[in-house]
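Only one structure is covered here, and it is reproduced in the block below.
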Amino acid sequence: MNRSTTATAAAVATTMAPTAPSADAARKDPQTGTVLLDGVPRQRGATAVPPAPRPATTPSVLAPPAPSAPPVSRALARLRSLRPWRLLPTPTGTPFTFGYAAVLTVTAMVTDYADPSLVHALQQGSSTDVAHLIREPVLVLLASALWMAGGIASPYAIGFVLVLTALERRIGGLRAAGVFLLGHVVATLATEVPVGLSVLAGDLPDTSLHRLDYGISFGVATSVGALAGLLRPWLRWPLLVAFGSMVVGDLLEFADPMTDWGHLMSLAIGVSTWPLVRRWRRACTAAASSPGAPTAVHTAPTHDTGSGRPGRVAARRS
């Protein structure tokens with residue numbers, strides 16, 4: 001074999017043999033041809049690894065809305081939210097009104113079932129007439145408020161329970177007793193002192209000095225006027241108009257003008273206490289909302305039950 005034939009065979013063998021990839025070719029990206037550096041991750045131009053596909057999720061199924069309450073249930077819920085039982089006195093919530101109402105119930109039962117002569121003697125000894133006011137004013141002012149003219153079913157007895165309960169819940173027992181006592185004392189003196197002066201002047205007979213006079217109506221009228229100042233306008237003015245119309249109607253009948261004038265004066269006294277009772281209510285609200293506030297703000301001791309004397313109505317109107 002000559003030299004040219006050998007060289008040709010060597011060239012053919014070289015062309016046919018597979019060539020090993022170079023180091024630079026191994027560091028290039030196969031798609032972009034960019035040279036990659038060893039040990040450096042996420043190089044620019046490198047092929048991004050596609051994110052793993054998320055597993056298919058089942059769409060959430062919304063629960064059907066709850067059926068709305070029937071109108072009757074909604075009405076009952078509103079009625080329960082009003083808490084109508086708070087209109088009545090309780091031993092813990094309104095101890096002054098509760099205790100005083102219990103005393104008035106006992107005296108009303110005595111009036112209905114005891115011997116009439118005994119009842120007359122007791123009521124005469126408790127009367128706030130001029131003769132008793134001169135001799136023992138403190139005793140008769142307190143004792144006269146222990147009797148109810150007309151019994152426990154009279155309008156003033158019902159008003160006593162409702163009005164005093166509402167007033168005590170807003171300003172406390174001692175203050176409600178003070179409003180009652182204010183109306184009872186002032187209206188009593190305002191109606192009896194003119195009687196005594198008229199007797200001295202000779203315009204009335206001496207028998208007017210012993211006029212039978214007792215009851216709780218003066219205190220009720222004063223408490224109505226005071227409570228109206230704590231209510232919303234849509235309750236305040238109808239209450240004043242209704243009660244004032246009743247008082248004026250009694251005055252126009254002229255059956256017992258002295259007592260009827262006392263009712264009108266008692267209502268005016270209650271209205272005059274609006275700034276004071278509103279200040280008391282703000283104080284009670286602030287004390288109740290503050291942490292660790294004493295609860296005695298809304299209570300009254302038992303021995304003060306007789307001091308918050310309501311007004312009275314003359315026995316002749318029963």
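The values are calculated or read from the model by the stated rules, or taken from the named source; none is laboratory data. Predicted model only: the values in this text are computed from it and were never measured. No Cβ is skipped: glycine too gets one built from the backbone with ideal geometry, and neighbour counts run over all protein chains shown. When the accessible area is computed, the model is the full protein with side chains, heavy atoms only, and any ligands, DNA or RNA have been set aside. Shrake-Rupley method; radii C 1.70, N 1.55, O 1.52, S 1.80 Å.
Here are the numbers for the structure shown:
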read-out	value
Protein accessible area in the range 184-237, 1.4 Å probe - carbon and sulfur %	70 percent
Cα-projected label distance for Val199 with Val103, points at 7 Å along beta-carbon direction, nm	2.6 nm
Where labels lie 7 Å past Cα in the beta-carbon direction, separation of Ala190 and His210 in nm	2.9 nm
Burial order of peptide ranges 239-251, 176-188, 200-212 (average beta-carbon count within 10 Å, highest first)	176-188, 239-251, 200-212
Accessible area per residue, Å², the range 99-258 with all protein chains present, probe 1.4 Å	45 Å²
Estimated distance in nm for a label pair at His120 and Ser290, the labels positioned 7 Å out from Cα along Cα-to-Cβ	5.7 nm
Value of relative contact order over the range 121-193, rounded to a whole percent, pairs C-alpha under 8 Å and six or more apart	30 percent
Loop sites in the range 221-281: trypsin sites (Lys or Arg not before Pro), DSSP, at most 16 other Cβ within 10 Å	none
Listed peptides 126-137, 164-175 by packing density, highest first (mean Cβ within 10 Å)	164-175, 126-137
Calculated on alpha-carbon atoms, Rg and Dmax of the range 80-235 in Å	17.2, 61
All Cα pairs of the range 218-259, percent lying beyond 13 Å	56 percent
